[in-house]
Amino acid sequence: MPGSVPLPGSGPSSSPSPSSIAIDDIPRSSVTVSGPAHVLRVTLLMAGSCLPILGAVLIAPVLPKMQDHFASVPGAKALVPLALTVPALSLALLAPFAGVLVDRVGRKRLLIAATLLYAVFGTAPLWLDSLGAVIAGRALVGVTEAVIMTCCTTLIGDYYSGARRVKYLALQTMCASASATVFFVLGGAAGSAGWRAPFWIYAVSLVLAPLMAVSLANPAAGATAAGNSAAATPNAESSAVESSVAESSAAESSAAGMRRPFPWRQMGGICALTFFGAVVFYTVPVEMSYLLDDLGVTNSGVIGLASAVASAATVGGAVTFTRLKRSPGPVLPVALGLGALGFGLMSLAGNAPLLVVGAVVNCVGTGMLLPALLTSAMSRLAFEDRGRGTGLWMAAFFGGEFVCPLVLLAGESAVGSLAGAVGVLGLAAAAGAAWLWAARRRAGAVDPRPLPEQLV
């Protein structure tokens, strides 16, 4: 992968493997890249990508009410917060298996089935009276989220290449970051009617599923280069949308005979970096309120405003990434370095304004980091392996999300304060950025593959 970190056993003299060369040149599904159908397709993929965020934050404002409702249940103090976090754990554990299903069963029909089941499992707590059953239902929500997120990201990789792929993967990050704030507000507003009320919002996927069935094309591995060129013409749309699952499966089967070995080593490197990057990414959203509380800021409105400013900075970082018009390799050390600088400012902040400044610097970096990692991972994958590879990447990212508070809790115990733990994580991020930069220099600073804008 150009611009990526050399993996163990590779060096400046290593020649790129066939699987890492010109994968972006493999034709994608013949779909239009402009017009109403294109806008609807992108909207549906972005909306689907936001559903796991809905599961992660929607019920956070009603956790105290849930705690009161289940107060008589043994262990409720530990079990109720688990209702919020268990979907992320399910997603992390099951995303690789979801990726295998995506490659074997097909992207579109699996996405539609998972989106329908998301509504079933998401609204289940409306009728469940057992805390254990509620948590089990939340775990099943995580299963559907693993499939939905893997399918949506895989389809972005199938439909688009080059600068367009970079653009829509970054847009995915922006939508996820912005939706977190929206869902938190919705959950809080709905929660005023009782702790069960926010679970009605999960039914929104019942609207998305039929639209996906009608509007999303069924990508096929056997598309021709001419078909990829025709993607710019409206006439290609009808044939792509009408392509059947059988045709897609047949194309995938014929491609399987020429299948390259799955790039385990390359994906292992990017997934390890993604796991660490997810810990860096989620530190501000998870710990901001605690850091402000340590500085004496307890007003929920002020805390919410500070979190919103940081969230906006994440979106700004993703926008910056799309405008750099660079392959992801050179961006990774810069993004991680900005994250480290932000952590440094936060750890030394003696007042709320400086803490917010540090959070903004950090979030600009993490807003660039996430699409850079995802773009880097997608560029390593051929069509027939893209679902499995995307599943592995999702597992690494959401696994990092799940362990983020545990890492900081351990750091706080070791150094005596949360701010100190953030500072230690900043040092680790700075070391990672330096290592990435040095590895690129050792590899030669010359990217053997074209920039994304040259692959359109």
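Computed from the coordinates by the stated procedures, all read-outs in this text should not be read as laboratory data. These numbers come from a predicted model, not from an experiment. Quick reminder, even Gly has a Cβ in these numbers, built from the backbone with ideal geometry, and neighbours come from all protein chains shown.
FRET efficiency for the pair Leu406 and Val182, taken as 1/(1 + (r/R0)^6) with r the Cβ-Cβ distance and R0 = 22 Å, rounds to 0.20. Placing a label point 7 Å from the Cα of Val286 along the Cα-to-Cβ line, the residues of segment 75-90 whose backbone N sits under 16 Å from it are 81-90. As an exercise, use a Förster radius of 30 Å and the Cβ-Cβ distance of Ala76 and Phe97 to find the FRET efficiency, rounded to the nearest 0.05. Efficiency computed from Cβ-Cβ geometry: 0.45. The stretch between Val302 and Ala163, if pulled fully straight at 0.36 nm per residue, gains 46.2 nm over its current Cα-Cα span.
The translational diffusion coefficient of segment 263-444, from Stokes-Einstein at 37 °C and 0.692 mPa s with a Kirkwood hydrodynamic radius over alpha carbon pairs, comes to 198 µm²/s.
Here the spin labels are modelled as points 7 Å beyond Cα on the Cα-Cβ line, and at Ser192 and Ala213 they lie 3.7 nm apart. Once the other residues with Cβ under 14 Å from the Cβ of Gly423 are scored (Lys, Arg +1; Asp, Glu -1), what is the net sum? Cβ neighbours under 14 Å give a net charge of -3.
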